[in-house]
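Shown next, in structure tokens, is the structure this report addresses.
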Amino acid sequence: MKVTLVVIGKTDKDYLKKGIDIYSKRLFHYLPFEIKTIPDIKNSKNLNTEQQKEKEGVLILNQVTAMDQLILLDDKGEEMGSVDFSKWMEKRMVAGTKHLVFAIGGPYGFSPAVKARANGKLSLSKMTFSHQMVRLIFIEQLYRAMSILNGEPYHHE
């Protein structure tokens, strides 16, 4: 199974870039993984919230095929612990999912079209994190899930 993380805008903090790079490289041991970065919307100051979400939504949906499973990283999504997330991932692997796409929306969330296309929503926490920080947190949790599934000592209970 291939996993893709779709994000809006570049990661501009060096410490986050470094962490994302470390965990992205570790993930290749378990499965194909890539990050697709959609450029920030130009002239977003001239757009209202809904217009910006719509434009970002079109760009997100352009990254997803009809066969892909799209999971939104959303504060209103399902919450689960690391072990439960590893089991969630395992179910998708066993079911034969070819491509699992996770998406982090822009600052105002997802458009109605993206929400309608999504196969599910996942919340990393009830707390609010910056969009750039969510990238690192998610990739680390994905790595943790894969190490749990492989019985490796990264995760302790």
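The values are calculated or read from the model by the stated rules, or taken from the named source; none is laboratory data. Nothing here was measured: the structure is a model prediction, and the numbers come from that model. A quick note on method: Cβ atoms are made from the backbone with ideal geometry, for glycine too, and the neighbour counts reach across all protein chains shown. SASA here: full protein model, heavy atoms, side chains in, ligands and nucleic acids out. Shrake-Rupley method; radii C 1.70, N 1.55, O 1.52, S 1.80 Å.
Tabulated data for the structure shown
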quantity	calculated
Top-ranked residue of the range 7-22 - restricted to ones that are within 30 Å of GLY96 (Cα to Cα) and β-branched (Val, Ile, Thr), ranked as least open to solvent (accessible area, probe 1.4 Å)	VAL7
The range 59-75: number of residues that are within 18 Å of LEU122 (Cβ to Cβ) and open to solvent by 70 Å² or more (accessible area, probe 1.4 Å)	1
Residue list for the range 120-138, restricted to those being outside any helix (DSSP H, G or I) and either of a type in the set (Lys, Arg) or free of Cβ contacts under 8 Å to residues at least 12 places away in the same chain (or both)	LYS121, LYS126, MET127, PHE129, SER130
Residue that is at pLDDT 95 or above and open to solvent by 30 Å² or more (accessible area, probe 1.4 Å), where the choices are GLU56, GLU78	GLU78
Qualifying residue in the range 23-30 (condition: of a type in the set (A, V, I, L, M, F, W, C), open to solvent by 70 Å² or more (accessible area, probe 1.4 Å) and in contact (Cβ under 8 Å) with a residue 12 or more places away in the chain)	no
Scope the range 26-69; condition within 16 Å of the chain's Cα centre (by Cα) and among the charged types (D, E, K, R); matching residues	GLU34, LYS36, GLU56, ASP68
Residue in the range 122-136 that is of a type in the set (Lys, Arg) and either open to solvent by 60 Å² or more (accessible area, probe 1.4 Å) or within 13 Å of the chain's Cα centre (by Cα) (or both) present	yes
Where a residue in the range 143-157 is closer than 11 Å to HIS29 by Cβ and its partner, wherever it lies, is open to solvent by 70 Å² or more (accessible area, probe 1.4 Å), with Cβ under 7 Å and at least six apart	TYR143/ARG26
Number of the condition not met by HIS155 [criteria: (1) touching a strand residue (DSSP E or B) at 6+ places or on another chain (Cβ under 9 Å); (2) open to solvent by less than 60 Å² (accessible area, probe 1.4 Å); (3) assigned to a loop (DSSP other than H, G, I, E, B)]	(1)
Residue match in the range 142-156 (condition: at pLDDT 95 or above and acidic (Asp, Glu))	no
